[in-house]
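Worksheet: one structure, shown below.
The values are calculated or read from the model by the stated rules, or taken from the named source; none is laboratory data. Small disclaimer: the values here were computed from a predicted structure and weren't measured. For neighbour counting, all protein chains shown are included, and Cβ atoms are generated from backbone atoms with ideal geometry for every residue, glycine included.
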Amino acid sequence: MKSAGAPYAQLSPEVVLAAVESAGLRTDGRLLALNSFENRVYQVGIEDAKPLVAKFYRPGRWSDAAIAEEHAFACELAAAELPVVAPLEFHKSTLLQFEEFRFALYPRCGGRAPELETAENLAWMGRLLARIHGVGSRGAFASRGAIDRTTFVDQPSKAVLTSALLPSTLCDRYARVIATLDALIARHFAAVGSVRDLRLHGDCHAGNVLWTDAGPHFVDLDDARMGPAVQDLWMLAPNPRTLDSLLEGYAEFRDFDRRELGLIEPLRIMRQIHYAGWIARRWDDPAFPRAFPFAAEARWWEQHVNDLHEAAGQLNEIDD
């Protein structure tokens, strides 16, 4: 019987292989665990065929409807000839079930770390993101939520405050700085004004882009949500020069509302808050203490709270 803290306790190698074979495939016994913490992802060998990637969804995180929206978006992007890895269909569905686990199968698409050192490659990425957003603007998610303060500030900060990881001596200070940041973030969003929300990749950092001789391709739409276009740009652009190159390519296919540049710092801070909350919320999963041992140390939380205070000061300076 699995517990909330060990959602994958029953996901043995034998179960993974049996799940893949339930789709009508014959595995060859080869199994390689890939780097993933929120879900569990494996490369699975298939007899007389290329290996596939099996993604087992974390129980309770997304509804079936939300996963269906992720899959439909990925397939829509792939149909538009965009380099996005989309799930495969078996038994007329991309979302499969085996015992208590929901999973999907994907073609294996390897690659290396993205080559984002040159203006040419950054512009290439910008063009692709503009085309992704063009497709994303054609519809809306109904079940996946949005990149907003509730999801990226309120919920994760509550997870931290109710976690034993946060030292009791820091609770009041953490709660105060979160309240300050929440108000500042709200003020910055209000100052930018109404911007159009799109279906986004949502977690478009370099780790979710793979590069081959044919160019880049995007993986892992697990965090796809509604949000402003700039959310898919800022994590790939650590400085103004790289952002300018991204936007130069982006403008070839889609107009960019430059008011959204004012959301970069609030979005960065929201991600910072969300990251700590994610670790706190998942700490009972045995994979998390192994992967993030620093979160068990008081000094990491002290630095996190100090970083949040510094972020509040930066937002105040922008206001001034």
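At a glance:
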read-out: Residue within segment 83-96 that is part of a strand (DSSP E or B), touching a helix residue (DSSP H, G or I) at 6+ places or on another chain (Cβ under 6 Å) and surrounded by 15 or more Cβ atoms within 10 Å (Cβ to Cβ) present; value: yes
read-out: Only listed residue being assigned to a helix (DSSP H, G or I) and surrounded by 20 or more Cβ atoms within 10 Å (Cβ to Cβ), chosen from ASP232, ASP244; value: ASP232
read-out: Condition met for ASP154 (over 25 Å from PRO238 (Cα atoms) and either of a type outside the set (Ser, Thr, Tyr) or without any contact (Cβ under 8 Å) to a residue 60 or more places away in the chain (or both)); value: yes
read-out: Candidate set from segment 97-113 (those that are over 15 Å from ARG58 (Cβ atoms) and touching a Lys or Arg at 6+ places or on another chain (Cβ under 9 Å)); member that is surrounded by the fewest Cβ atoms within 10 Å (Cβ to Cβ); value: PRO107
read-out: Residue within segment 144-155 that is crowded, with 17+ Cβ neighbours inside 10 Å, aromatic (Phe, Trp, Tyr) and outside any loop (DSSP other than H, G, I, E, B) present; value: yes
read-out: Total residues in segment 231-270, condition under 15 Å from the mean Cα position of the chain (by Cα) and within 16 Å of TRP124 (Cα to Cα); value: 5
read-out: Flag for ASP213 being of a type outside the set (A, V, I, L, M, F, W, C) and without any contact (Cβ under 8 Å) to a residue 12 or more places away in the chain; value: yes
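Residues checked against (1) assigned by TED's automatic domain parsing to the domain that holds ASN208; (2) of a type in the set (Val, Ile, Thr):
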{"site": "PRO114", "(1), (2)": "no, no"}
{"site": "TRP124", "(1), (2)": "yes, no"}
{"site": "ILE132", "(1), (2)": "yes, yes"}
{"site": "GLY136", "(1), (2)": "yes, no"}
{"site": "ASP148", "(1), (2)": "yes, no"}
{"site": "PHE152", "(1), (2)": "yes, no"}
